[in-house]
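The values are calculated or read from the model by the stated rules, or taken from the named source; none is laboratory data. Keep in mind the model is a prediction, meaning the values are calculated, not measured. Neighbour counts run over all protein chains shown; Cβ positions are idealised from the backbone, glycine included. What goes into the accessible areas is simple: the full protein's heavy atoms, side chains included, and nothing from ligands, DNA or RNA. Shrake-Rupley method; radii C 1.70, N 1.55, O 1.52, S 1.80 Å.
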Amino acid sequence: MIELSHVSREFGTFRAVDDVSFSIPTGQIVGLLGPNGAGKTTTMRMITGFLKPTGGTILIDGMDITADPVAAKQKIGYMPESAPLYSDMIVADYLRYVAEMQGVSPAEKVPELCAQCGLKEVMHKNIGDLSRGYRQRVGLAHALMNDPEILILDEPTSGLDPNQIEDVRALIKEIGRTRTVIVSTHILSEVEMICG
């Protein structure tokens with residue numbers, strides 16, 4: 001499903017990712033493990049098409065992310081480390097907005113994601129008033145809106161309290177039953193608890 005072959009990324013003279021190759025079959029929960037600054041986020045941004053590789057190829061279900069970006073991106077849901085949400089919007093309005101932008105029926109998809117991501121009790125609140133754990137859940141609902149085959153999560157439990165971490169881990173495991181999931185982290189126990 002995902003194949004990276006000799007992928008590199010340079011920023012000026014700095015090489016952030018150096019000749020990375022790996023493949024991830026369909027239906028796996030895989031962890032990108034490494035210290036801060038190791039190139040995990042840069043690699044994820046290249047897989048999602050947000051950054052173009054300096055060298056190498058990235059295939060999403062056989063499609064080159066740089067040659068056919070629209071078709072490849074339709075298969076991907078992405079949640080960056082700090083999910084960029086509109087803090088002045090109410091959760092329900094935000095999710096309806098995202099659904100409409102992606103051409104998805106809000107009447108069907110928003111209640112489904114509300115239940116799946118555990119958002120029922122906060123749907124009427126402003127995103128800016130939510131705890132970090134609930135903001136992560138809203139970001140996850142956003143990433144799942146187009147029912148992607150691949151879900152890419154950058155540091156999904158960063159900054160969460162222990163209860164929120166358990167909730168998000170359980171949610172990722174549940175989502176991973178039907179999708180390919182990539183999770184980046186610098187915490188070994190996180191990979192051991194979530195990934196196959």
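Rounded to the nearest 20, the Cβ-based charge dipole of region 1-146 about its Cα centre (Lys and Arg +1, Asp and Glu -1) stands at 280 debye. Note on region 28-89 and region 106-184: Cα centroid distance 17 Å, given to the nearest whole angstrom. Projecting the Cα atoms of Leu188, Val168, Leu119 onto the dipole axis of region 114-196, where Lys and Arg carry +1 and Asp and Glu carry -1 at the beta carbon, places Leu119 farthest toward the positive end.
From the Cα gyration tensor of region 1-74, with a ≥ b ≥ c the square roots of its eigenvalues, which class applies: rounded if a/c is under 1.5, or else prolate if a/b is larger than b/c, or else oblate?
Working: a/c = 1.91, a/b = 1.25, b/c = 1.52.
Oblate.
Ligands, DNA and RNA are left out, and with a 1.4 angstrom probe the accessible area of region 1-98 is 52 Å² per residue.
Using helices alone, what [θ] at 222 nm do you get for the chain, with -39,500 (n - 2.57) per DSSP H run of 4 or more residues, divided over all residues and rounded to the nearest 500? Write down the numbers at each step before the final one.
Details: 7 runs with 70 residues, N = 196.
Result for the chain: -10500 deg cm²/dmol, rounded to the nearest 500.
Given (1) 10.8; (2) 15.0; (3) 13.7 as candidate values of mean projected area of the Cα convex hull in nm², which corresponds to the one derived from the coordinates? Among (1) 10.8; (2) 15.0; (3) 13.7, the one calculated here is (1).
Apolar share of the accessible surface for the chain: 50 percent from carbon plus sulfur atoms, 1.4 Å probe. Assuming charge only on the beta carbon of Lys and Arg (+1) and of Asp and Glu (-1), the dipole of region 41-107 about its Cα centre is about 140 debye to the nearest 20. Restricting attention to the chain, close to 50% of DSSP beta bridges with both partner residues there are antiparallel.
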